[in-house]
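Every number in this text was worked out from the coordinates using simple rules, so none of it is lab data. Every value quoted in this text rests on a predicted model; they were computed, and no experiment measured them. Here the Cβ positions follow ideal geometry from the backbone for every residue, glycine too, while neighbour counts run over all protein chains shown.
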Amino acid sequence: MCHQIRRFSLGCLYRRLSRNKVLLRHLVVLRPVSCFREMEMGNGVAETGIRDRAGWRWVRGAAAGLLPSSLHLPGELNWSAPSVWFHAERDRWALWLPVIFGVGIGLYFALPVEPSPWAGLTLLILTSSALALTYRGQSARLQSCRLMSLLLVFAALGFGMAQLRTLNLNAPILERSTGPTEVRGRIVTVEPRKRGERLVLEMPEIRGIPAEQTPERIRVTLATGAQGLYPGDWVRGRAKLGPPPEPAAPGAYDFARAAYFKRLGAVGFAYGRFELLPREASQALVSDQVRQSWEIWWADLRHRLSERIVTALPGDAGAVAAALMTGERGRIPESQLQALRDAGLAHLLAISGLHIGLVAAGLFFGLRGILALIPALALNYPIKKWAALVALPGAFAYLMLVGATIPAQRAFLMTGLMLLAVLLDRRALSMRLVAWAAMATLLLAPESLLSVSFQMSFAAVTVMIAAYEGRRGFFASGGRDFWSLGSLWRYGLGIALTSGLATVATAPYAVFHFNHLALYGVFANVIAVPITALWIMPWAIVAFLLMPFGLEAFPLWFMGLGIDGVVATATTVSAWPAAALKIPAMPVWGLIAASLGGLWLAIWTGRWRYLGVVPLAASIVSVMLWRPPDILISADARLAAVRLSDGSLWRSNAAVNRFAAEIWSRRAGLDPAAKSRGNPLGQPNCDPMGCIVELKGRKVALAWAAGALAEDCALVDIMISRVPIRRACAFPEEVIDRFDLWRNGAHALWITGDDIQIKSVAQTRGKRPWVLLRGEP
């Protein structure tokens with residue numbers, strides 16, 4: 001009997017489907033061309049089989065070589081091997097719905113211009129109508145059309161939700177930079193930094209800016225710190241503000257887009273300290289008194305707990321403890337963060353499934369263990385469900401305390417569903433759980449699809465769940481004692497396996513966003529993850545429980561011992577040769593190919609899942625094909641860079657715009673800490689007026705002053721000027737002046753033979769609500 005065979009057999013499937021000759025005859029997936037003909041015929045079945053085509057014998061022979069020998073392919077039937085595989089995994093179809101939903105979101109953000117406000121609704125109505133029409137019959141072809149229409153509905157729904165999110169925000173953006181001016185507002189968050197602190201203010205008042213043009217939130221960096229200031233306080237001070245910065249290069253990270261969806265319309269730095277306003281002054285700033293929001297209450301609690309943690313556990317260990325317990329990572333030294341990144345341990349600081357799961361597990365098993373000591377309760381009441389009821393709000397409290405980041409939201413959704421499964425006596429861990437969590441996250445915040453935290457978090461958990469489903473017996477304890485030699489060996493091997501899988505799954509996103517790949521992450525995680533899971537986080541839970549009594553110093557001291565071990569591991573592994581590879585930028589199509597290939601491998605369970613290796617290989621090739629720009633110019637025209645024949649970058653001025661220089665070096669696969677090469681020609685061809693560089697047979701002028709234009713215009717092929725070119729500069733093939741940089745942002749140039757390709761930041765960003773359209777400077 002087919003149901004008695006544990007491993008799926010396509011032969012069994014054929015024997016079952018052969019009872020229905022009509023369905024088997026038309027078991028071909030997705031035939032959109034013939035959909036409307038099927039609708040006209042109603043429930044009738046059209047004779048469109050391919051058995052009489054010239055190539056059918058060859059198709060049958062090829063399919064027979066792929067399918068098991070037990071599956072017979074009769075000549076009189078319209079048989080398609082992919083159709084069989086597709087229908088055999090009917091229970092996995094729903095897992096693709098969040099993927100298609102995400103495709104719709106991606107299409108919205110990929111548009112070069114903002115669509116009509118009715119575009120999303122129109123697409124949804126059209127696709128829903130097409131889906132409704134497919135219910136006029138039940139033939140095999142109409143079922144295929146119905147499936148395709150359903151996918152289009154979800155794509156349209158994703159598009160519409162992303163557009164609706166953008167329309168609902170409509171957050172003002174500061175149009176021009178201001179000089180030092182007075183700023184007032186209420187603190188939303190206080191982010192400690194190694195040098196100073198960052199304040200996010202809501203309901204700001206900016207002197208000289210009309211109320212209708214004032215952003216809803218602004219971010220101000222204080223170099224002197226913000227002692228005594230907490231979320232919810234009203235403050236006043238002087239600051240220099242500007243719009244959120246645009247990408248440093250075409251295709252680089254767009255901070256302005258991310259800031260738009262956080263309602264952050266201006267950033268800047270403060271002059272001196274910000275003063276705390278008394279309640280009377282605060283009431284005068286707003287017409288009606290507003291109660292502290294839910295977000296501010298948690299932010300205030302987070303900041304106060306962080307201060308208590310670093311007071312009880314001073315030093316770098318206290319900074320890491322505060323990051324693990326409250327999500328505030330600003331106090332950790334940059335050298336320590338870099339060591340954790342190079343060792344592949346940075347995920348330990350990003351509050352995600354490991355932390356949320358350990359907190360929930362600690363509360364669940366701790367309470368269940370205590371209740372089990374009372375026989376009257378253990379024997380007569382469902383103490384397992386009681387423990388789940390306590391662990392769920394405890395995990396939610398931890399989620400809010402750490403700031404409810406995207407990985408933390410994903411982890412809580414999955415943990416909450418697992419605890420709900422315990423309450424309902426259902427299986428807890430499955431790929432459907434990941435799909436539900438992804439769908440919920442994208443519904444609440446469609447823009448999160450573009451964030452590295454969403455991409456890396458779901459990539460890692462999807463691959464690990466797929467591995468768990470495929471090797472469920474290996475991960476099962478089999479009733480053995482955890483501390484037995486076999487269980488410990490299985491636990492260590494499981495950590496190595498999951499670390500390796502997570503490293504491979506997140507590698508494309510690490511390359512795309514950070515141009516960085518940690519090679520020895522598996523070795524570091526085998527040591528650091530058990531320390532975190534079995535020592536650091538349990539003591540963190542104890543510290544949380546003892547904080548109301550002021551006794552957190554004792555558990556924090558023990559927690560610090562474990563943190564020192566993790567940091568020592570990171571420092572050691574990051575010092576190994578080639579611990580972190582610097583990789584050039586991956587194009588967007590390479591990231592899409594890697595994502596689709598990974599999803600194909602993880603979602604399907606049959607042999608055809610290995611077809612996902614093809615797009616994965618294409619994503620690797622994309623990195624090899626991408627060529628860094630030959631010339632880069634910053635948006636403020638203060639910095640230019642030229643790529644030399646050996647691949648290194650020469651920068652016009654190493655002392656200015658260091659952030660842009662770091663981005664350029666990283667995207668070229670170079671170490672940002674490496675010093676800029678000297679004169680590219682090794683001869684004195686630079687002076688205070690500018691530089692002339694010969695590159696691939698072309699002469700390029702970098703003019704810093706107007707006095708250099710008259711001479712350089714007659715000598716060079718490419719003119720790049722920091723000053724406006726108001727008169728004709730006819731000889732160069734390409735001219736980029738201050739006006740071009742002001743309007744279109746940073747520029748990148750590729751020189752290939754006789755062709756010069758120019759791409760600007762404005763071209764890659766398009767005309768969207770988060771993009772400022774600039775006029776003359």
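For the reader, a short list of remarks on this structure follows.
- Local charge for Tyr271 was computed over the other residues whose Cβ lies under 11 Å away, with Lys and Arg +1 and Asp and Glu -1, and equals +2.
- Counting 0.36 nm for each residue step from Arg207 to Arg738 and taking away their Cα separation leaves a gain of 188.2 nm.
- Net lengthening on full extension, Lys240/Arg304 (0.36 nm per residue, minus Cα-Cα): 20.2 nm
- With a Förster radius of 30 Å applied to the beta-carbon distance between Lys385 and Ala553, the computed FRET efficiency rounds to 0.25.
- The stretch 631-765: C-alpha gyration tensor shape, a/c 1.5 cut-off, then a/b vs b/c: rounded
- Peptide ranges 156-166, 588-598 listed from the most packed, as the mean C-beta count within 10 angstrom indicates: 156-166, 588-598
- Cβ crowding within 10 Å averaged over residues, with 406-419, 504-517, 207-220 ranked highest first: 406-419, 504-517, 207-220
- Taking packing as the residue-averaged number of other Cβ atoms within 10 angstrom, the listed peptides 453-462, 361-370, 551-560 run from highest to lowest as 453-462, 551-560, 361-370.
- Over all other residues within a Cβ to Cβ distance under 12 Å of Ile692, the charged ones net out to -3, with Lys and Arg as +1 and Asp and Glu as -1.
- Model label zone, Ala421; criterion: amide N under 18 Å from point 7 Å along Cα-to-beta-carbon; scope the stretch 589-630: 602-605
- Cα point-scatterer Debye curve for the stretch 179-281, base-10 log of I(q)/I(0) at q = 0.17, 0.18, 0.24, 0.25 Å⁻¹: -0.75, -0.84, -1.36, -1.44
- Computed over neighbours whose Cβ is under 14 Å from that of Ala372, the net charge equals +3, Lys and Arg +1, Asp and Glu -1.
- Secondary structure note: in the stretch 631-765, about 75% of the DSSP beta bridges are antiparallel.
- Extended-chain gain in nm, criterion 0.36 nm per residue less alpha-carbon gap, Leu545 and Trp626: 23.9 nm
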